[in-house]
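Comments concern the structure below.
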Amino acid sequence: MVVWDNLNTHTSAQMRQLIASRPRLTVFYLPAYAPELNPVEGVWAHMKKSLANLAIRTVDQLIVVVKNRLNRMQYRPALITGFTAKTGLDVHPP
């Protein structure tokens, strides 16, 4: 299952063809502007809180910190489930 926004590369003819060739893949498109339905928004909000008081001097330092924070989240399945649950979307459609 993939949940996507309406970025032009997500809705292109080439992408529709790729999706159609994979019958096990289910794609859900979000409305034009609906951050409350996008679990990634919860990830970024959580990330921003952890970066709020850091004094990062370079982009390379920022990349290292962001990767570290994302790796930490990866090992907290309840946190990831919470981001999805907050959207109210059913992750097990009929």
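Can you tell me which residues in region 57-94 are over 17 Å from the mean Cα position of the chain (by Cα) and farther than 21 Å from Phe28 by Cβ? Steps first, please.
So in region 57-94, the residues over 17 Å from the mean Cα position of the chain (by Cα) come out as 57-65, 92-94.
Matches in region 57-94: Arg57, Thr58, Val59, Asp60, Gln61, Leu62, Ile63, Val64, Val65.
Within region 28-38, the set of residues being surrounded by 12 or more Cβ atoms within 10 Å (Cβ to Cβ), free of Cβ contacts under 8 Å to residues at least 40 places away in the same chain and in a loop (DSSP other than H, G, I, E, B) comprises Leu30, Ala34. For beta carbons closer than 6 Å, sequence separation of 6+ or different chains, a first residue in region 57-77 that is in the same structural domain as His46 (by TED's automatic domain parsing) and a second that is among the hydrophobic types (A, V, I, L, M, F, W, C), the qualifying pairs are Leu62/Ile56; Arg69/Met47; Met73/Leu79.
Results for (1) of a type in the set (Gly, Ala, Ser); (2) modelled with pLDDT of 90 or more; (3) touching a Leu at 6+ places or on another chain (Cβ under 7 Å), shown as yes or no for each residue.
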residue	(1), (2), (3)
Asp5	no, no, yes
Arg22	no, yes, no
Leu30	no, no, yes
Lys49	no, no, no
Arg57	no, yes, no
Val64	no, yes, no
Lys67	no, yes, no
Pro77	no, no, no
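Taking first residues from region 11-27 that are over 14 Å from Met1 (Cα atoms) and partners that are polar (S, T, N, Q), the Cβ contacts under 9 Å between residues at least 6 apart in sequence or on separate chains come to Met15/Thr9.
The values are calculated or read from the model by the stated rules, or taken from the named source; none is laboratory data. Just so it is clear, the structure is predicted and the values come from calculations on it, not from any experiment. Reconstructed Cβ throughout: ideal geometry from the backbone, glycine too, with neighbour counts over all protein chains shown.
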